[in-house]
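Rule-based calculations on the coordinates, nothing more; no lab input. None of these values were measured; they are calculated from a predicted model. We place every Cβ from the backbone using ideal geometry, glycine too, and count neighbours over all the protein chains shown.
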Amino acid sequence: MEESVKILTDESEAKISSCATISDLNDIRVRVLGKNGELTALLKSMKDLPPEKRPQAGKIVNAAREKLEQAIAARQAELEQIELDKRLRDEKIDISIDMRQPASGGLHPLTIMRNRITEFFSSLGFVIADSPEIETDYYNFEALNIPADHPAREMQDTFFITENILLRSQTSAGQVRMMEKVKPPIKMLSPGRVFRADEADATHSPVFHQVEGLVVDKGITMCDLKGILDLFAQKFFGKNTKTRFRPSYFPFTEPSVEVDASCSQCGGKGCRVCKGTGWIEILGAGMVNRNVLQNCGINPDEYTGFAFGVGLDRITNIIFGINSLRTVFENDVRFLKQFN
């Protein structure tokens, strides 16, 4: 019995020490120490020994079991450490490697200018208001003093969806909605896309952008309009920029004016940008027509107001020196990279 246990112990220890995986180690554990293992079989064979030799044989077998269990536990700890080291080695990230940085995007030039304009007028106390791009005939035309026989209502100028529903041709519709809901004083800015049935070329597009402003209060005059627009021109075209008003016509303002700014490129001397005139047209404006105020439930004998509309696409092209309106809509990455 003692010889058999010694031989089994020595062989098992050798196999345990040579195990390369925990799975192999578990196989040895089952084969030697399991319920039907080799050492268990020797323990069961003690019934064939004389009674006086059984205690000594039991001690030998139990000592061998304890020795093998310790050897298995030690080898298992070694294999687990080896496996952990390998996993850490395989999974580590070398942060010293130079990685190619992903290209970062940038704002579109129209978005840049819209943000700058809205930030400027917000600093003057204007509220930024949005309005629907799909409008009714009433808000887009009728409430703005544009009668049914006005040329702007023709199909070749406006995208009609139904007889009374259309794609808005001006953000002024949002001003009407504001005047209906809010009692003066009103100081608002309405930026957004507008739609007109134009052929796309260097200066026209069926989709373009406006930023329209409205102020309604007691005692508002053309001088207030001039002061606001002077500040606007000096902010975006230079502190020495001057403005001039030229008489014009818009159904929703009376009197109406076209507003020019002195050319920032030549200082008013005349150049290619201003076509030798020294002036660049930047927006349209005027005093809110009495009929528009009445349509919105505001007493024109008590309140007056002014409105102005900036062509965002035109201002963007002037500020950034873009020659064609189509360029800002083509989304050529080579062009857009300049504004990152």
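List of remarks:
- Angle between the chain longest axis and helix 172-181 axis [Cα atoms, degrees, rounded to 10]: 90
- The fewest-to-most ranking of 223, 19 by surrounding Cβ atoms within 10 Å reads 223, 19.
- Subtracting the Cα-Cα distance of residue 272 and residue 340 from their residue separation scaled by 0.36 nm leaves 21.7 nm.
- Cys residues of the chain counted as unpaired, since no other Cys beta-carbon is under 4.7 Å: 19, 223, 296
- Around the amide H of residue 286, modelled in the peptide plane, lie the amide H atoms of 257, 307, all under 5 Å away and 5 or more residues distant in sequence or on another chain.
- Long-range amide H partners of residue 194 with built H, under 5 Å: 208, 209, 210
- Among the trypsin sites (Lys or Arg not before Pro) found in the range 27-127, those both in a DSSP coil and sparsely packed, with 11 or fewer other Cβ atoms within 10 Å of their Cβ, are 35, 92, 100.
- In terms of its Cα atoms, the chain spans 130, 47, 38 Å along the principal axes, sorted from long to short.
- Between 0 and 90°, nearest 10: helix 222-237 axis offset from the chain longest Cα axis: 50
- The range 281-304 residues near the modelled residue 183 label - backbone nitrogen below 13 Å, point 7 Å along Cα→Cβ: 298-299
- Phi angles of the range 36-49 translate, via the Karplus equation with coefficients 6.51, -1.76, 1.60 and θ = phi - 60°, into HN-Hα couplings of 10, x, 5, 5, 5, 5, 5, 5, 5, 6, 4, 5, 8, 7 Hz per residue; Gly and Pro are given as x.
- Under 5 Å from the amide H of residue 250 lie the amide H atoms of 256, each residue being 5 or more positions distant or on a separate chain, with H modelled from the backbone and absent for Pro and chain starts.
- Each residue, residue 224 and residue 54, gets one label point 7 Å from its Cα in the Cβ direction; the gap between the two is 11.6 nm.
- 3J(HN,Hα) along the range 11-20, derived from phi through the Karplus expression 6.51 cos²θ - 1.76 cosθ + 1.60 where θ = phi - 60°, amounts to 5, 5, 4, 5, 5, 4, 5, 9, 4, 9 Hz, with x in place of Gly and Pro.
- Calculated [θ] (222 nm, deg cm²/dmol) that DSSP helices of n ≥ 4 give over the chain, each run adding -39,500 (n - 2.57): -13000 deg cm²/dmol
- In nm, spacing of pseudo-spin labels at residue 62 and residue 204 (7 Å Cα→C-beta vector): 10.7
- Among the listed pairs 181/226; 92/337; 181/239, those beyond 29 Å (Cα-Cα): 92/337; 181/239
- Each label point was placed 7 Å from the Cα along the Cα-to-Cβ direction; for residue 3 and residue 324 their separation is 10.4 nm.
- Secondary structure note: in the chain, about 95% of the DSSP beta bridges are antiparallel.
- The aspartates and glutamates whose alpha-carbon is closer than 16 Å to the alpha-carbon of residue 187, local same-chain residues fewer than 8 away aside, are 119, 130, 212, 217, 224.
- Between the range 68-122 and the range 152-214, the alpha-carbon centres lie 48 Å apart.
- Gain on full extension, evaluated as 0.36 nm per residue between residue 291 and residue 27 minus their Cα-Cα distance, stands at 85.3 nm.
- With the cut-off at under 14 Å, measuring from each backbone N in the range 7-42 to a point 7 Å along the Cα-to-Cβ line of residue 92 picks out no residue.
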